[in-house]
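In what follows, a single structure is set out as structure tokens and then discussed.
Values quoted throughout were computed directly from the atomic coordinates according to the rules given, and no laboratory measurement underlies them. Source: prediction; values computed, not measured. Cβ atoms come from the backbone with ideal geometry, glycine included; neighbour counts cover every protein chain shown.
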């Protein structure tokens, strides 16, 4: 290789790695990204972006089926074609991946195709080449889908699949059991239900979306039930009989064992870290007791000059968290002093319908921490805009500290919750209290008015309920 | 063998001593432990003992001269011993005064209070620059004038807790003060209540956080070595008056004074407010479990503050008796160093001189002193009528590096509540 010395070498071109590369390049660092697959990582190619394309198909289908007539639109028989929707989602991913490639080129980041292995002393081997970094090697290798072998569910790509295969199906299965009701499982339940599959959602914890506020979980459980999705919460898959044509699952719930048959099983119960064969031990990079790469407050690993960002650096495993870590590390490496990341202020979104978005603490967490809090709530049934657009499912819930008015947490279930949560992210980032939220005049009629009303409700001053 | 007689550090704070008179004359035989001379220190007249045997061969510092600690004042040697080399070589061999001071400094570790400001500026600028890019180093007007940048939540917390934002360096975007900064600021004040303190030691040394250092430096720059602020509270003394009369009607000696009652109340209140029972130690703050009250006593040419040790655990009568005894011996300048050092808080009372209220100057390294005014009948609104009640005004001087406004205020509230209901002493 002509030039094998860089300031910064980043292993992985996903949302953590490529954003780190852009920021490092902006700050004048000579930067390389090593990527064995497509740029943009899971997020762009086989995660966030294509799933949103499919979810949009699902949303439009449900809209036409359930609401067109009421809205004065007559449509004929609605026919669903997963293959067409999938091919559109591939195009979207393709475009986005090309976009990342363009951005890296624009910022003069060198992209090295291949699998990088860490060597001691800030060096990286790619194939037969050895690259060295004068400032840092940044690990951003992310995660991959995995099965649930303890329940007999190894991914075979046909009857037992992961999100990777689900995003590439040609047609929707007649029936599908989804194991794991976190955001990935819930989103696929939404998609396959809209495309006509018989969907069973299985969650080992006591409720679906177990990390969200209990009110959000129950709102989605209710909405899913209405749409014919079977939700089994507090249910454990104990055994699986797998054939090429289908899977029979034994599911234990409330002391009873059910048998469940499905054409396909989608395993969405956690992801595996891409750390094997990366050369961590040889380079002196330790892993935490939970298996993540051990990092300090500056995201530096136990090896001098080796950093870790994104999923491998610890939860939450979210693209936007990884990107921010990439920015912060790049700024540290360029000698700046970026504001520390506030891990308690990272929004979390599930893009089912209605969407679920949250930031900060859940009400349960407030109780566990024995915080003196007040709840403000506003349901969309009381919102003029929501009634006008037939989007009255959901609510805004704000948890505030009673004494100082600090926004401890906020939870939104709404058709556009993913777009609304940032008012609260911004408020919390700037330490606004519920009073500053309420002080800002909200346009009428909008769904966002519900945020101001929930803030008011937490102060016992709600106007429209 | 010849022995040098040097000016010794006869009290922890002593830097120099005045030789009042020599009790041995040149040529007189001397045994180890004999008193050679009387030395007046900053607090009392002390005795300078002989460290060796022989004859007082030479008096170097005459009576009336003032000599820094560590300097040669005389020589004890055998009658026939040649001391000319000692006399000639002494000047070069003398330990520098500063070194002697350091070596003889009190066993309590750390720099004594007054030295702290000299240390702080040296180490502080780097940390201040790191914490607050906007450079809050400007010594002028710490709390007045310029409104500090702070998040709405930080403002709210500061308002509710009575914290002065001007004293808090911000670490948010553009040096803005955010919640985290306030949490760090109050952490030091909160620590004393924490469970993990070494009980056996009788005190706890809490290292200074960067913010506490910055506060200390900035206050010191603007207000002098000890950044004082003052809190005044009005106390209704009717019930304390009745209680004292009832006690003294028992006919026991000594009679209880208001000062005794105040010493007792302050000691018990300090037990509840450890944040005010502390020493500023430059690089850390020492919070005491024990309460030793210094009571300022006027002496002929100044004042001295004898200490009522464990005042919180002593009865009023014990306090009364001890205060009389200490004050009497203070006036005769007979106090031993341990009797006027080691107080954790002080009281100064000018009430008997008809002073309505005044501010007392803190006795470093202590963090607070309470100034007691006179008890005078005052008109007080009681509903729509005016009643005449006996009132007393207390003014607490606080070292802001240790005690924040609300901390001092809460302590004074307790003091007032106890004085207004003196039964609280036995509660």
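General observations
- Using the average count of surrounding beta-carbon atoms within 10 Å as a protection proxy, the listed peptides B:153-164, A:37-48 rank, highest first, as A:37-48, B:153-164.
- Computed over the range A:25-126, the Cα gyration tensor eigenvalues convert (square root of 5λ each) into semi-axes of 43, 14, 10 Å, ordered from largest to smallest.
- The range A:106-151-the range B:240-318 distance, computed between alpha-carbon centres (Å): 70
- Per-selection metrics, the range B:28-83 (Cα): Rg and Dmax in Å: 11.8, 38
- Label-point gap, in nm, between residue A:26 and residue A:214 - each point 7 angstrom along Cα→Cβ: 4.3
- With an a/c value of 1.5 or above and a/b larger than b/c for the gyration tensor axes a ≥ b ≥ c computed over the alpha-carbon atoms, the range A:126-184 is described as prolate.
- Computed FRET value (nearest 0.05) for residue B:309 with residue B:424, which takes r as the C-beta separation and R₀ as 22 Å: 0.50
- Theoretical gain in end-to-end length, residue A:236 to residue A:304 [0.36 nm per residue, Cα-Cα removed]: 20.2 nm
- Relative contact order of the range A:72-144, pairs being alpha-carbon contacts under 8 Å that are 6 or more residues apart, as %: 13
- Shielding by partners for peptide B:152-158, expressed as the average number of C-beta atoms from other protein chains within 10 Å of each residue's C-beta, is 6.
- Simple label model, 7 Å out from Cα along Cβ direction - residue B:317 to residue A:422, nm: 7.8
- Shielding score for A:403-410, defined as the mean number of other chain Cβ atoms within 10 Å: 3
- Here the protein assembly as shown is treated as a sphere whose radius is the Kirkwood value from Cα pairs; by Stokes-Einstein at 20 °C and 1.002 mPa s it diffuses with a coefficient of 63 µm²/s.
- Angstrom value of the Kirkwood radius, inverse mean 1/r, which spans all Cα pairs in chain A: 23.7
- Near-label residues of the range A:415-436 by backbone N, under 17 Å of a point 7 Å along Cα→Cβ of residue A:226: A:415-417
- Rounded, prolate or oblate (a/c below 1.5 giving rounded, otherwise prolate when a/b exceeds b/c) for the range A:139-270 by Cα gyration tensor: rounded
- Sequence of A:33, B:206 once ranked by neighbouring C-beta atoms within 10 Å, starting from the fewest: B:206, A:33
- Overall form of the range B:329-422 per C-alpha gyration tensor (a/c, 1.5; a/b vs b/c): oblate
- Relative contact order, percent, the range B:291-423 [alpha-carbon distance under 8 Å, six or more residues apart]: 18
- Packing-based exposure ordering (other Cβ within 10 Å, fewest first) of B:22, B:279, A:332: A:332, B:22, B:279
- For the protein assembly as shown, the 222 nm mean residue ellipticity estimated from helices alone, with every DSSP H stretch of n ≥ 4 adding -39500 (n - 2.57) and the total spread over all residues, rounds to -9500 deg cm²/dmol.
- Efficiency of FRET from Cβ geometry, residue B:87 and residue A:435, R₀ 60 Å, rounded to 0.05: 0.15
- Length released on extending from residue A:68 to residue A:150, taking residue separation times 0.36 nm less the Cα-Cα span: 25.0 nm
- Label point 7 Å beyond Cα of residue A:375 along Cβ direction - residues of the range A:447-465 with amide nitrogen under 19 Å: A:450-465
- Take the Cα of residue B:160, go 7 Å toward its beta carbon, and the backbone nitrogen atoms of the range A:347-370 under 15 Å from that spot belong to A:370.
- Relative contact order of chain A, taken over Cα pairs closer than 8 Å and 6 or more residues apart, is 15 percent.
- 10 Å Cβ neighbours from other chains, averaged over peptide A:423-430: 2
- Sequence ranges A:368-376, A:71-79, ranked by mean other-Cβ count within 10 angstrom, highest first: A:368-376, A:71-79
- Centre separation in Å (Cα based) which lies between the range B:344-373 and the range A:262-340: 59
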